[in-house]
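Trainee: This is the structure I have questions about; it appears just below.
The values are calculated or read from the model by the stated rules, or taken from the named source; none is laboratory data. The structure displayed is predicted, hence computed values, not measured ones. When we count neighbours, we look across all protein chains shown, and the Cβ atoms used for this are built from the backbone with ideal geometry, even at glycine. Heavy atoms of the whole protein, side chains included, go into the accessibility calculation; ligands, DNA and RNA do not. Shrake-Rupley method; radii C 1.70, N 1.55, O 1.52, S 1.80 Å.
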Amino acid sequence: MMGIGGNITQSEALPGDFAQIWRTNNSGHSVVFMGWIEEGGKIIGLNYRSSQGKGAGSGVGNRREFFSDSGKGSVVRERLYISRIKV
């Protein structure tokens, strides 16, 4: 370990933190967290910035995904990991 950062809880997440999301189909993605999506006072997903692979929708851009337990998406809330670099 380089000692330049560490894991934080989801409740501590701030825009610019790094995140690793996992989906119900076991695909994952490393992203830069930009904020939560809320509905009725409950967090149901996240906004993030990332770089996609080849094909349609590729390139650097802002994206949003929803948690599987919201009924709107496939991100597994319990498998969202967030870390922050120390400055």
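Trainee: Which whole-number percent is the relative contact order of region 1-47 (Cα, under 8 Å, 6+ apart)?
Mentor: That works out to 27 percent.
Trainee: Within 10 Å of each candidate Cβ there may be at most 16 other Cβ atoms; applying that plus a DSSP loop requirement, which trypsin sites (Lys or Arg not before Pro) in region 23-71 survive?
Mentor: On the way: sites: Arg23, Lys42, Arg49, Lys54, Arg63, Arg64; in loops: Lys54.
In loop regions of region 23-71 (DSSP not H, G, I, E or B), the sparsely surrounded trypsin sites (Lys or Arg not before Pro) are Lys54.
Trainee: Among Ser58, His29, Gly73, which residue has its Cα furthest toward the positive end of the charge dipole of the chain, with +1 on Lys/Arg Cβ and -1 on Asp/Glu Cβ?
Mentor: Selected residue: Ser58.
Trainee: Give the carbon-plus-sulfur fraction of the accessible surface of the chain in %, rounded to a whole number; probe 1.4 Å, heavy atoms of protein chains only. Don't skip to the answer; put the middle values down first.
Mentor: Details: 3030 of 5600 Å².
Here carbon and sulfur together make up 54 percent of the probe-accessible area.
Trainee: Now a separate question. Would you tally the net charge around Glu65, using a Cβ to Cβ cut-off of less than 10 Å, leaving Glu65 out, and scoring K and R as +1, D and E as -1?
Mentor: Working: positive: Arg23, Arg63, Arg64, Lys72; negative: none.
Here the charged neighbours net out to +4.
Trainee: Stretch Glu12-Asp69 to full length: gain in nm at 0.36 nm per residue minus the Cα-Cα span?
Mentor: That works out to 18.5 nm of additional length.
Trainee: Let me ask something additional. Could you do me a favour and compute the accessible area per residue for the chain, 1.4 Å probe, result in Å²?
Mentor: Numbers: 5600 Å² over 87 residues.
With the other protein chains kept in place, the chain gives 64 Å² per residue.
Trainee: If contacts are Cα pairs under 8 angstrom and at least 6 residues apart, what is the relative contact order of region 25-87 in percent?
Mentor: Rounded, it is 21 percent for region 25-87.
Trainee: Let me ask something else about it. For region 35-46, take each phi angle, set θ = phi - 60°, evaluate the Karplus expression 6.51 cos²θ - 1.76 cosθ + 1.60, and give the result in whole Hz per residue in order, putting x for glycine and proline.
Mentor: x, 8, 9, 10, 8, x, x, 10, 6, 10, x, 9
Trainee: Between Ser30 and Gln52, what length comes free when the chain is fully extended (0.36 nm per residue of separation minus the Cα-Cα distance, one decimal in nm)?
Mentor: 6.9 nm
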